[in-house]
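Since the structure comes first, as structure tokens, the remarks are kept for the end.
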Amino acid sequence: MGEFFNVFIKAAFVENLVLAYFLGMCSYLAVSKTVKTAFGLGLAVIFVLGITMPINWLIAEYLLSENGVFGMDLTFLRLILFIAVIASMVQLVEMIVEKYSPSLYNALGIFLPLITVNCAILGGSLFMVSREYDLTQSVAFGLGGGFGWFLAIIAIAAIREKIRYSAVPAPLRGLGMAFIITGLMGIAFMSLMGIDPAAFASN
Amino acid sequence: MAETAVQEKEPLLAFGKNEQKLLSDPLNDNNPITVQVLGICSALAVTSLVVPSVVMSIAVVFVCAFSSLFTSLLRNYIPKQVRMIVQLVIIASLVTVVELTLQFLNYPIYKQLSVYIGLIITNCIVMGRLEAFAMANKPWRSFLDGVGNGLGYGAILIMVALIRELFGKGSLFAGSGIEMKIIGASTDYFINTQTNTWFAWYANNNLMVLPAAAMFIIGIFIWIQRSYNTKLVDIS
């Protein structure tokens, strides 16, 4: 259980997908105008990351590896299968949101289907493979990474709501300011890199 | 954005005012990076050097143009529920074509870029244009829209890369065979170009090598673009 929290905390804060690796920028910048839509998209990302990560782990372990069902090395299919899993999950989320919250569906617009090509999702799955996580760790990494993404988009949405009342030069207002704030947040988050939660647990 | 389909009869490969607009719009008024906010991740990842950015831009123009063309040809046969999977299969096959072609043409650059080429699959510009334009328009117009958006993306990418490489490493076009050490004392990067650089006192700015620098530069680009193109200014 301790391992679960280590990976979770690390994925959410220390190695935040947005602010440390700059993954998933497109929807992060475009949907962070208000906290309300940012909240909805953040939840959708947590859901998609949390579900696709264990599924992709099972695929990588039992279908594609040499010890898997087919008994041969099929890793060249990894990218296509991962993307297919992600795309079907996103399609599922889209149908659920359209049915139960049409206003959120309209507010998210094109960025809901674009979760599929949110690099944070595919990047997360690839990180999971390259870091050789087991099933528990990959669940923790999916939920933690999604939670970190959620926190980052809520943080910038809140900053952007406040900054609307500041005397920013007109051409820089909105998108331009969001870019610069994200750069500053990224530099601030670099100070967290290298912290190892496991080291605290063992002391 | 001209996103409604043109209804009247027209020749298959017409190239009139509307078609020119499809090519020129994404360069300024509807730029994929600075206005539509698509494809930021790769803009951050590859722009620390110029040569990878140029190759990347060419690859994106190709993938964007042909995925728009094929999606537009198939648009009436794709059921709405599985459209994303169909689009991704089209994009993934085109990216594979690009990868193999580059491997054949120039192996060193392929080795240098292989990760980034794979990233085109998750580049939101490609899929964004398929969703927003190609699913509702005829093949030729969709093709032009893809070319235009690829070019708009490439223009920003190369401008950011020029600034980052010049100030971060003091060189330009490193790795292309015509690499030049422009500013700063040439010490460790290129042994064959030792003398005659300008501003020998300049020390490389390591901030420019960080991805965060690309955020600042794109932010400043948006500032400049919107100060002369006032209709883009965000009023809210």
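Of all residues in the stretch B:45-93, which are away from every other protein chain (no Cβ under 12 Å), farther than 22 Å from B:GLY152 by Cα and outside any helix (DSSP H, G or I)? Listed by number, the residues that qualify are B:ARG75, B:ASN76, B:TYR77, B:ILE78. Evaluation of A:SER65 against the conditions (1) modelled with pLDDT under 80; (2) touching an Asp or Glu at 6+ places or on another chain (Cβ under 7 Å) shows that the sole unmet condition is (2).
Across the stretch A:113-131, a minimum of one residue is classified as surrounded by fewer than 21 Cβ atoms within 10 Å (Cβ to Cβ), under 22 Å from A:ILE55 (Cα atoms), among the hydrophobic types (A, V, I, L, M, F, W, C) and touching a residue at least 24 places away in the same chain (Cβ under 8 Å). For the stretch B:128-144, the criterion of a residue being closer than 24 Å to A:ALA120 by Cα and in a loop (DSSP other than H, G, I, E, B) is satisfied by no position. The condition of being touching a Gly at 6+ places or on another chain (Cβ under 7 Å), small (Gly, Ala, Ser) and either surrounded by fewer than 21 Cβ atoms within 10 Å (Cβ to Cβ) or farther than 19 Å from B:ILE217 by Cα (or both) holds for only one of B:ALA65, B:ALA92, B:ALA59, that being B:ALA65. Scanning the stretch A:156-177 for residues that are touching a helix residue (DSSP H, G or I) at 6+ places or on another chain (Cβ under 7 Å) and more than 8 Å from every other protein chain (Cβ to nearest Cβ) returns A:ILE156, A:ALA157, A:ALA158, A:ILE159, A:ARG160, A:GLU161, A:ILE163, A:VAL168. The stretch A:1-88 holds helices (runs of 4 or more DSSP H) entirely within its bounds, and those carrying 3 or more residues that are surrounded by fewer than 18 Cβ atoms within 10 Å (Cβ to Cβ), over 11 Å from the mean Cα position of the chain (by Cα) and touching a residue at least 40 places away in the same chain (Cβ under 8 Å) map to A:2-9, A:35-58.
One residue stands out among those in the stretch B:203-227 that are in contact (Cβ under 8 Å) with a residue 24 or more places away in the chain and touching a Pro at 6+ places or on another chain (Cβ under 9 Å): the one that is farthest from the other protein chains (Cβ to nearest Cβ), which is B:GLN225. Restricting to the stretch A:30-54, count the residues that are touching a Lys or Arg at 6+ places or on another chain (Cβ under 7 Å) and of a type outside the set (Gly, Ala, Ser). Residues meeting the conditions: 1.
Take the conditions modelled with pLDDT under 85 and either surrounded by fewer than 22 Cβ atoms within 10 Å (Cβ to Cβ) or among the acidic types (Asp, Glu) (or both) and apply them to B:ILE163. Does it pass? First the steps, then the outcome.
Values: modelled with pLDDT under 85: no; either surrounded by fewer than 22 Cβ atoms within 10 Å (Cβ to Cβ) or among the acidic types (Asp, Glu) (or both): yes.
So B:ILE163 does not fit the description; no.
Return the residue satisfying two criteria in turn: it lies in the stretch B:68-89 and is over 19 Å from A:GLN91 (Cβ atoms) and without any contact (Cβ under 8 Å) to a residue 40 or more places away in the chain, and of such residues it is surrounded by the fewest Cβ atoms within 10 Å (Cβ to Cβ). The extreme case among them is B:ASN76. Within the option set A:GLU94, A:GLU98, being within 13 Å of chain B (Cβ to nearest Cβ), in contact with a Phe, Trp or Tyr (Cβ under 6 Å, 6 or more places away or on another chain) and part of a helix (DSSP H, G or I) holds for one residue only, A:GLU98.
For the stretch B:120-134, a residue qualifies if it is hydrophobic (A, V, I, L, M, F, W, C) and surrounded by 20 or more Cβ atoms within 10 Å (Cβ to Cβ), and the qualifying residues are B:ILE120, B:ILE121, B:CYS124, B:ILE125, B:VAL126, B:MET127, B:LEU130, B:PHE133, B:ALA134.
With respect to A:ILE187, is the statement that it is modelled with pLDDT under 80, among the aliphatic types (A, V, I, L, M) and surrounded by fewer than 19 Cβ atoms within 10 Å (Cβ to Cβ) true?
When the stated conditions are applied, A:ILE187 does not pass them.
The values are calculated or read from the model by the stated rules, or taken from the named source; none is laboratory data. Here the structure is a predicted model, which means the values were calculated and not measured. Every residue, glycine as well, gets a Cβ built from its backbone with ideal geometry; the counts of neighbours run over all protein chains shown.
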